[in-house]
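First up is the structure itself, then whatever we jot down about it.
All of the numbers you see were taken from the coordinates with simple rules; none came from a lab. None of the values given here were measured: they were computed from a predicted structure. Quick reminder, even Gly has a Cβ in these numbers, built from the backbone with ideal geometry, and neighbours come from all protein chains shown.
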Amino acid sequence: MAESSAPGGYPIPITVEFTGGLELLFGNERKHKVVLPARLENGSSPNISFLLGYLVDNLMQDERKDMFIMEDSVRPGVLVLINDADWELEGEDAYELQAGDTIVFVSTLHGG
Amino acid sequence: MAPHICQLCNTSRAQILRPKNHARICAPCFIDIFEREIAETITSTNLFQPGERIAIGASGGKDSTVLASVLKTLNDRHAWGLDLVLLSIDEGITGYRDHSLDAVKRNSVEYDLPLKIVSYEELYGWSMDQVVAQIGKKGNCTYCGVFRRQALDRGAAMLGVGHVVTGHNADDVAETVLMNLLRGDLPRLGRATSILTSTPSATMSRKETEADGGEVTITNVKRSKPLMYAYEKEIVMYAHYKKLDYFSTECIYSPEAFRGSARTLIKNLERIRPESILDVVRSGIDMAKLVPNAEGHPKGAAEAVIRNEVEDEAEGGCGGSNAKEVVSEMAQMEQKLRQDEQAEEAGTETEIKLPSKVLDGQRHDRDLKPDLPPEAALTTYVQGQNHDRHSQTDGQQLPSDIRTVPIRTKQEKKSSRKATRDAPVPKQRLGQCERCGYLSSQAVCKACMLLEGLNKARPRTGIEVG
């Protein structure tokens with residue numbers, strides 16, 4: 001994905017964190033710094049939905065993407081925190097990302 | 001989207017949306033209410049006695065870590081005077097258990113709780129790695145399950161503890177309810193939805209155990225699940241906001257288990273309507289109340305349940321007259337069912353053992369005509385008697401005025417039922433395994449039998465020359 005400074009705004013740097021076992025899919029690294037384009041091809045701002053696809057295409061180092069994604073959203077059982085708050089409070093997939101956001105993905109799908 | 005304000009303190013930004021009631025609250029309020037609800041569960045069910053010694057089954061995973069943290073917090077805060085210790089089982093699974101045990105050790109230091117690790121190696125002479133190397137990846141969960149159950153009881157007895165708590169959460173219980181519904185295993189429902197279970201001798205012979213100086217033996221250990229009404233999501237959030245240190249990976253030997261299907265259903269259901277998880281748990285409790293106990297009366301599932309009680313009625317023809325016989329058969333059934341459950345979950349074949357035959361966990365009831373509707377497979381057990389002949393084998397519907405739910409375990413007792421109907425009731429005594437002393441109705445308990453099989457096939461190592 002080109003991080004061009006296309007007209008409409010600056011690229012959006014965010015921090016993405018994986019815990020609860022998800023880090024295994026991403027090279028065993030918990031924290032990742034990601035920069036998203038200011039605008040997508042269709043003119044809209046990148047949202048969580050877009051971020052998911054982006055992560056799978058660019059950051060995932062494992063074949064088992066169904067541990068993270070199901071259909072077009074996160075797999076049920078994976079919690080998403082947007083700036084330390086439940087994503088359900090922020091609009092879930094539709095939340096538009098802003099510079100400096102921290103998104104945490106926590107998997108609950110393992111033994112206790 | 002405008003930020004929401006916490007509905008409890010009306011001050012801070014809301015960070016959590018509670019699944020059970022859609023409440024929007026901030027992290028500090030969440031931590032507070034989460035802890036209060038667990039305290040409420042514990043006090044309202046009289047789960048603990050003041051000064052009781054409690055062993056926390058600790059795997060290093062999210063549930064047991066949160067359990068240890070919350071119990072420690074509440075014990076200090078409310079001065080319950082509980083004597084808490086961590087009890088961990090080392091199955092000997094490299095790459096999985098060794099890492100999670102590191103997490104438990106850190107927990108032990110962090111919460112300042114003594115830690116006891118009991119390993120399969122020391123108890124049985126076999127680690128799970130060795131078992132799998134010997135028997136392959138099919139059926140290994142059976143061994144692990146049978147061994148772990150004993151290991152927890154033994155570990156508790158070694159510590160002189162009569163009460164083990166585990167981190168089972170609402171999602172776990174909901175999954176179990178669903179699993180048992182899907183398999184038609186209603187007796188098991190009663191135990192799955194009870195917050196406290198105990199072995200028969202715990203309720204039967206308090207006096208005897210006290211006469212021994214109150215010594216805890218492996219036959220009278222209670223088990224409970226204080227987190228039973230806590231959502232898995234909230235447990236994870238609690239651990240996240242309190243920055244608790246836990247370990248999170250699946251057992252490397254775990255195959256596609258049946259529980260996985262139930263879990264997927266529950267998770268998808270949670271997506272649509274999160275309150276459903278607790279609703280399923282409550283439904284399970286209600287359904288369990290309809291399951292008849294040994295006397296044929298529906299029992300309440302919310303009370304302390306005799307651990308093997310409901311298995312009793314599965315034994316056709318045992319009559320339930322002598323409590324000791326009843327109890328011994330229960331213990332035997334319990335172990336068999338546990339084994340079958342493990343095998344079922346592991347998707348492997350269950351062990352075929354005369355006289356009771358179970359093939360692939362299926363019932364093979366010769367009385368059943370192939371063209372009958374599925375309900376015909378259910379037989380009514382009242383007072384331990386098999387009422388096959390009176391039930392729906394003629395294809396009729398259950399009369400709607402029957403309050404009790406017909407039950408049938410997976411364990412097919414066909415051949416043994418026939419034998420016991422005709423032959424005198426076999427006398428079984430609740431006793432101890434002659435090899436290891438564990439509670440068993442047989443001369444040799446299940447774990448020892450499995451071990452015998454393992455040891456016989458064990459390749460000779462270390463051929464020494466010179």
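Order of B:Leu101, B:Leu181 from fewest to most other C-beta atoms within 10 Å? Write down the numbers at each step before the final one.
Numbers: B:Leu101 20, B:Leu181 16.
Lowest count first: B:Leu181, B:Leu101.
On a 24 Å Cα-Cα criterion, which of the cross-link pairs B:Lys62/B:Lys336; B:Lys72/B:Lys242; B:Lys62/B:Lys137; B:Lys72/B:Lys267 come out too long?
Numbers: B:Lys62/B:Lys336 30 Å; B:Lys72/B:Lys242 14 Å; B:Lys62/B:Lys137 26 Å; B:Lys72/B:Lys267 30 Å.
Exceeds cut-off: B:Lys62/B:Lys336; B:Lys62/B:Lys137; B:Lys72/B:Lys267.
Output the peptides B:157-168, A:86-97 sorted from most to least packed, where packing is the average of other Cβ atoms within 10 Å over each peptide's residues.
Values: B:157-168: 20.8, A:86-97: 17.4.
With the highest mean Cβ count within 10 Å placed first, the list reads B:157-168, A:86-97.
Hey, got the average number of other protein chain Cβ atoms within 10 angstrom for residues in A:85-95?
On the way: counts 10, 12, 1, 6, 9, 4, 1, 0, 0, 1, 1.
Mean partner-chain Cβ count within 10 Å for A:85-95: 4.
Tell me the Kirkwood hydrodynamic radius of the range B:151-190 in angstroms, computed as one over the mean inverse distance between distinct C-alpha pairs.
12.0 Å
Work out the mean other chain Cβ neighbour count within 10 Å for the residues of B:236-246 and drop it here as an integer.
Values: counts 8, 5, 0, 5, 7, 2, 0, 0, 0, 0, 4.
Other-chain Cβ atoms within 10 Å of each residue's Cβ, averaged: 3.
Relative contact order (percent) for the range A:12-107, with alpha-carbon contacts under 8 angstrom and 6 or more residues of separation?
On the way: 155 pairs, mean separation 40.4, N = 96.
Relative contact order of the range A:12-107: 42 percent.
Summing -39500 (n - 2.57) over the DSSP H runs of n ≥ 4 in chain A and dividing by its residue number, what mean residue ellipticity at 222 nm do you reach, to the nearest 500 deg cm²/dmol? Before the final figure, lay out the partial values.
Details: 1 runs with 11 residues, N = 112.
Here the helix-only value at 222 nm equals -3000 deg cm²/dmol.
With angles folded into 0 to 90 degrees, how steeply does helix A:48-58 sit against the dominant principal axis of chain A? Use alpha carbons for both and round to 10.
Rounded to the nearest ten degrees, it is 80.
Which translational diffusion coefficient, to the nearest whole µm²/s, is obtained for the range B:17-72 from the Stokes-Einstein equation, given a Kirkwood hydrodynamic radius over C-alpha pairs, 25 °C and 0.890 mPa s? Write out the running numbers ahead of the final one.
Values: Rh = 13.0 Å.
D = 188 µm²/s.
Would you mind giving the mean number of other chain beta-carbons within 10 Å of the Cβ of each residue in A:66-73, as a whole number? Show your work: numbers first, answer last.
Details: counts 0, 1, 0, 0, 4, 0, 0, 1.
Mean shielding count: 1.
Using all alpha carbons of the range A:12-107, what is the percent of pairwise distances in each 5 Å bin, ordered from the shortest bin to the longest?
Calculated P(r), rounded to whole percents: 3, 13, 27, 29, 19, 8, 1.
Over 29 Å between C-alpha atoms is what I'm after, so list which of B:Lys105/B:Lys446; B:Lys105/B:Lys222; B:Lys138/B:Lys289; A:Lys31/B:Lys233; B:Lys222/B:Lys456 land there. Before the final figure, lay out the partial values.
Working: B:Lys105/B:Lys446 31 Å; B:Lys105/B:Lys222 24 Å; B:Lys138/B:Lys289 35 Å; A:Lys31/B:Lys233 21 Å; B:Lys222/B:Lys456 34 Å.
Too far apart for the 29 Å limit: B:Lys105/B:Lys446; B:Lys138/B:Lys289; B:Lys222/B:Lys456.
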